[in-house]
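Data block below; observations after.
The values are calculated or read from the model by the stated rules, or taken from the named source; none is laboratory data. Fair warning: this is a prediction, and the values are worked out from it, not measured in the lab. Every residue, glycine as well, gets a Cβ built from its backbone with ideal geometry; the counts of neighbours run over all protein chains shown.
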Amino acid sequence: MNDFKQQISNAINERETGDTNKALEMFLQIDKTQLKSEQLFDYLGELGLTYWHLKKYDEAKAVFKEMHKYAEETGNRSYEALALRHLSRPEFNENNTDTAIKYAQQARQIALEEKRQDLAWFDHGVVTTLIFGKAPTEEIKRWFEIEAEDLYKTSRNTKDEIAKWVWTSGLLMDRARVFNNTTDLYLALMIAEQFNLARRKEQIEELIQKFKSK
């Protein structure tokens, strides 16, 4: 059990700080038939996220749908929240912003009811879909405040340093999109470089270039 846990942890670390393609290979080398229930769900989530980072959206969505089916079969509400949060991603809902927002809000509500410690990540999902759906700025700003407060609470309790700074930089990236300037992007870039968040650094630099090319 500990070996599988370490394998998954190593693959996650490779994805966030190293080579995403290598991380995918590491995930695919894990025999998911040998995983316990909780490990299997974590594995599917991380595998789907790795496909998403590689922009293999069809593969990612298929994995997240498998997650959702598994959550329904087991009746695990916490798992359901995770699956819906992933399925709310704009890349999977290009022609249906309402569905993206609905999934994100459902995921956040379930996460709150289940007292998940990563509530800020679910807040981020709501913010992302509201931006995607071109919601009123005041509504998005309200959710920024909710996300920031939950992120502070999460940061005091989590031992996952990578996740904490990925979420913080994600909040700054969203603020840049809404307020249409690069101020928060350079703060996010400082965080990404400080904590060797290779994937996040790529995303931030890509967004900065988009601003510069306007």
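With a requirement of 1 or more residues that are touching a residue at least 60 places away in the same chain (Cβ under 8 Å) and in contact with a His (Cβ under 6 Å, 6 or more places away or on another chain), the helices (runs of 4 or more DSSP H) lying completely within segment 9-111 that satisfy it span 20-28.
Results for (1) surrounded by 21 or more Cβ atoms within 10 Å (Cβ to Cβ); (2) small (Gly, Ala, Ser), shown as yes or no for each residue.
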{"site": "Ala135", "(1), (2)": "no, yes"}
{"site": "Glu139", "(1), (2)": "no, no"}
{"site": "Glu145", "(1), (2)": "no, no"}
{"site": "Thr154", "(1), (2)": "yes, no"}
{"site": "Trp165", "(1), (2)": "no, no"}
{"site": "Ser169", "(1), (2)": "yes, yes"}
{"site": "Asn181", "(1), (2)": "no, no"}
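The set of residues in segment 58-110 that are within 14 Å of the chain's Cα centre (by Cα) and farther than 14 Å from Val127 by Cα comprises Ala60, Lys61, Phe64, Ala81, Leu82, Ala83, Leu84, Leu87, Glu91, Phe92.
Report whether or not Tyr70 is at negative phi, surrounded by 14 or more Cβ atoms within 10 Å (Cβ to Cβ), at pLDDT 95 or above and among the hydroxyl-bearing types (Ser, Thr, Tyr). No: the conditions fail for Tyr70. All conditions in (1) surrounded by 15 or more Cβ atoms within 10 Å (Cβ to Cβ); (2) closer than 25 Å to Met190 by Cα; (3) of a type outside the set (S, T, N, Q) hold for Ala83, with the sole exception of (2). Is it the case that some residue within segment 151-162 is under 22 Å from Asn13 (Cα atoms), part of a loop (DSSP other than H, G, I, E, B), touching a residue at least 24 places away in the same chain (Cβ under 8 Å) and among the charged types (D, E, K, R)? No: segment 151-162 contains no residue that is under 22 Å from Asn13 (Cα atoms), part of a loop (DSSP other than H, G, I, E, B), touching a residue at least 24 places away in the same chain (Cβ under 8 Å) and among the charged types (D, E, K, R). Please indicate, with yes or no, whether at least one residue in segment 185-203 is closer than 28 Å to Asn95 by Cβ, in a helix (DSSP H, G or I) and in contact with a Leu (Cβ under 6 Å, 6 or more places away or on another chain). No, because not a single residue in segment 185-203 is closer than 28 Å to Asn95 by Cβ, in a helix (DSSP H, G or I) and in contact with a Leu (Cβ under 6 Å, 6 or more places away or on another chain).
Within segment 113-127, is there a residue that is at pLDDT 95 or above, under 14 Å from the mean Cα position of the chain (by Cα) and under 21 Å from Lys210 (Cα atoms)? Within segment 113-127, one or more residues are at pLDDT 95 or above, under 14 Å from the mean Cα position of the chain (by Cα) and under 21 Å from Lys210 (Cα atoms). Specify the residue that is farthest from Lys115 (Cα to Cα); the eligible residues are those in segment 128-147 that are in a helix (DSSP H, G or I) and free of Cβ contacts under 8 Å to residues at least 24 places away in the same chain. Among those that are in a helix (DSSP H, G or I) and free of Cβ contacts under 8 Å to residues at least 24 places away in the same chain, it is Glu138.
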